[in-house]
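Read through the structure below, which is laid out as structure tokens, and then see the notes.
The values are calculated or read from the model by the stated rules, or taken from the named source; none is laboratory data. None of the values given here were measured: they were computed from a predicted structure. In this analysis, Cβ positions are derived from the backbone assuming ideal geometry, glycine residues included, and neighbour counts consider all displayed protein chains. When the accessible area is computed, the model is the full protein with side chains, heavy atoms only, and any ligands, DNA or RNA have been set aside. Shrake-Rupley method; radii C 1.70, N 1.55, O 1.52, S 1.80 Å.
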Amino acid sequence: MKKKKNRAARFWPLRIFIVTLILTAAISVVTEALTEGMSALSAALIILVIMLIGIAADIVGIAFATCDATPFVSMAAKKIKRAKSAIRMLQNADIVSNICGDVIGDICGIVSGAAGAAVAVKLALSAPDTSELVWGLIVSSLIAALTVAGKALGKSFAIRNNKQIVSAISYVAMLFVRDNKK
């Protein structure tokens, strides 16, 4: 069992590279398709949604990285179903945190930045008096500032509420994962 886990850990970076590559391409294509014919304001709203997804994923990653499994072990002893799911996820907290914080969070950051560049071009075309460089600086600065501030607020929220976040996520995960006993 331990040998199998070590082998899986060795290939984790390669697997996450492939997953990230595919997810980024898919999200970029969808974002580009959605924002192509939209006004700059509508595209900005889509970028905001992408940023919020990234911030939420970062919150989940921090919650799993900082949560203690003890309350969930106690809940599992009382036969509370979501506790088993929470324990399983907490045993793999490094992977859950990596997927949420790094993969999803970083992909959303990169895609929102790229979509922001497209919005800057739209704004520059609609307002020829202002240079594309100025619009690029404004849009990229706003995206970066909102993302960093959102993640800063989210981190303290995640640390303070990690048990509730882990419980909620494990409940949702439990709905999608089949139990081996069934």
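Is there a residue being modelled with pLDDT under 95 and either touching a helix residue (DSSP H, G or I) at 6+ places or on another chain (Cβ under 7 Å) or at positive phi (or both) anywhere in segment 2-15?
No, because not a single residue in segment 2-15 is modelled with pLDDT under 95 and either touching a helix residue (DSSP H, G or I) at 6+ places or on another chain (Cβ under 7 Å) or at positive phi (or both).
Based on this model, can you work out whether Ala93 counts as over 30 Å from Ile138 (Cα atoms), of a type outside the set (Ser, Thr, Tyr), modelled with pLDDT of 90 or more and buried (at least 17 other Cβ atoms within 10 Å of the Cβ)?
yes
Where residues in segment 130-140 are modelled with pLDDT under 85 and not β-branched (Val, Ile, Thr), which of them is surrounded by the fewest Cβ atoms within 10 Å (Cβ to Cβ)?
The residue in question is Ser131.
Residues that are more than 17 Å from Ile59 (Cα to Cα), at least 2 per element: which helices (runs of 4 or more DSSP H) completely within segment 72-182 meet that?
In segment 72-182, the matching helices (runs of 4 or more DSSP H) lie at 81-91, 105-126, 132-160, 162-176.
Report whether or not Val60 is among the β-branched types (Val, Ile, Thr), within 15 Å of the chain's Cα centre (by Cα) and at pLDDT 90 or above.
For Val60, the condition - among the β-branched types (Val, Ile, Thr), within 15 Å of the chain's Cα centre (by Cα) and at pLDDT 90 or above - is met.
Filter segment 63-82 for residues that are touching a residue at least 60 places away in the same chain (Cβ under 8 Å), surrounded by fewer than 22 Cβ atoms within 10 Å (Cβ to Cβ) and in contact with a Ser or Thr (Cβ under 8 Å, 6 or more places away or on another chain) and give the result.
Arg82
Out of the residues in segment 44-62 that are of a type in the set (Val, Ile, Thr) and open to solvent by 60 Å² or more (accessible area, probe 1.4 Å), state the one that is nearest to Gly150 (Cα to Cα).
The selected residue is Ile53.
Which residue is modelled with the highest pLDDT, if the candidates are limited to segment 141-182 and must be more than 25 Å from Leu52 (Cα to Cα) and among the charged types (D, E, K, R)?
Among those residues, the one meeting the criterion is Arg178.
Criterion first (in contact with a Leu (Cβ under 9 Å, 6 or more places away or on another chain) and either assigned to a helix (DSSP H, G or I) or aromatic (Phe, Trp, Tyr) (or both)) does Ile55 satisfy it?
Yes.
Checking the structure you have, find out if any residue of segment 77-88 is within 14 Å of the chain's Cα centre (by Cα), closer than 25 Å to Leu14 by Cβ and not small (Gly, Ala, Ser).
So far as segment 77-88 goes, no, none of its residues is within 14 Å of the chain's Cα centre (by Cα), closer than 25 Å to Leu14 by Cβ and not small (Gly, Ala, Ser).
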